[in-house]
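Everything below concerns the one structure shown next.
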Amino acid sequence: MVDSKSKRGLSPFIGKTIAVLIAVVVLSVILGVLYAKSVVNRLTDAQPAPLPTVQLPEIHMFQLHDRVDTFRDAVKDGDPAAPLALSADELNALIESDPQFAALKNHLFVTIDGSTLGAQISFPAEDLGLRLRGRYVNATGVFDVGLTNKELNVMAQSLLVKGKPLPTQFMRQILGRNLAEKLNQDPKTVTGLSKLKSIEVKDGKLVITPRK
């Protein structure tokens with residue numbers, strides 16, 4: 001069993017890093033959703049999309065939570081800490097098992113391919129602030145993630161809604177835009193990011209490196 005200490009949750013900046021994946025895709029979809037019936041049917045579904053799940057061995061989960069908590073506490077206290085590297089399976093396992101991310105369970109699935117990060121989401125449209133009862137936003141995207149001048153940068157490479165590319169007129173609003181812009185204005189996020197040297201996706205992992 002995972003003890004209570006290991007279930008205390010992730011540090012704010014790690015949590016924000018994962019949560020931004022949702023914000024990126026959701027923002028991208030909302031930018032394009034108009035309430036004309038034809039557009040609604042093109043960009044939303046009548047049913048949620050089933051997402052993959054990840055189950056890691058119990059000992060792996062214990063070690064994962066302990067590793068994340070140790071990193072969080074060291075950074076918080078200003079102590080030396082090695083970079084924290086998380087695979088896609090580990091990120092998904094945290095989303096599925098950590099109470100801090102209960103709202104994301106069954107709604108977000110992360111993938112990592114080399115240096116690119118992908119996300120699949122399936123949310124009731126109403127949960128995203130869209131007045132579309134009984135409709136679901138099912139989307140996938142590929143993103144570049146990095147940290148520059150203490151600001152998180154998330155740039156969309158591609159977006160699919162209902163398995164099809166987002167219409168060109170909507171993609172033009174998104175490409176070249178930092179989708180984490182609003183996140184960087186949050187005081188708690190700014191404080192957390194100021195303690196980090198880098199956030200990057202490389203060699204199939206999300207790597208978070210603290211400042212010395």
By residue number, the members of region 162-211 that are surrounded by 13 or more Cβ atoms within 10 Å (Cβ to Cβ), modelled with pLDDT of 85 or more and among the polar types (S, T, N, Q) are 198, 209
Taking region 68-90 and the residues there that are charged (D, E, K, R) and in contact (Cβ under 8 Å) with a residue 24 or more places away in the chain, the one that is surrounded by the fewest Cβ atoms within 10 Å (Cβ to Cβ) would be 76
Note: among 141, 146, just one is surrounded by 19 or more Cβ atoms within 10 Å (Cβ to Cβ), more than 17 Å from residue 41 (Cβ to Cβ) and modelled with pLDDT of 85 or more, namely 141
Those residues of region 167-199 which are in a strand (DSSP E or B) and of a type in the set (Ser, Thr, Tyr) amount to 198
Checked pairs for region 52-67, first farther than 13 Å from residue 97 by Cα and surrounded by 13 or more Cβ atoms within 10 Å (Cβ to Cβ), second β-branched (Val, Ile, Thr) and at pLDDT below 95, C-beta under 9 Å and 6 or more apart or across chains, list as 66/2
If we ask which residues in region 91-114 are surrounded by fewer than 16 Cβ atoms within 10 Å (Cβ to Cβ) and charged (D, E, K, R), their number turns out to be 2
Picking from 159, 152, 117, the residue that is in contact with a Gly (Cβ under 6 Å, 6 or more places away or on another chain) and surrounded by 16 or more Cβ atoms within 10 Å (Cβ to Cβ) would be 159
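Out of the residues in region 24-62 meeting the condition of being assigned to a helix (DSSP H, G or I) and more than 22 Å from residue 104 (Cα to Cα), tell me which one is modelled with the lowest pLDDT. Step through it out loud before you land on a result.
The first filter runs over region 24-62 and keeps only residues assigned to a helix (DSSP H, G or I), leaving 24-32, 37-43, 58-62.
Checking the rest, the ones that are also more than 22 Å from residue 104 (Cα to Cα) come to 32, 37-42, 59.
Details: 32: 51, 37: 61, 38: 63, 39: 67, 40: 71, 41: 73, 42: 73, 59: 96.
Per the criteria, the residue is 32.
The values are calculated or read from the model by the stated rules, or taken from the named source; none is laboratory data. The structure presented is a predicted model; accordingly, all values stated were derived computationally and were not measured. Cβ: placed from backbone, ideal geometry, glycine included. Neighbour counts: every protein chain shown.
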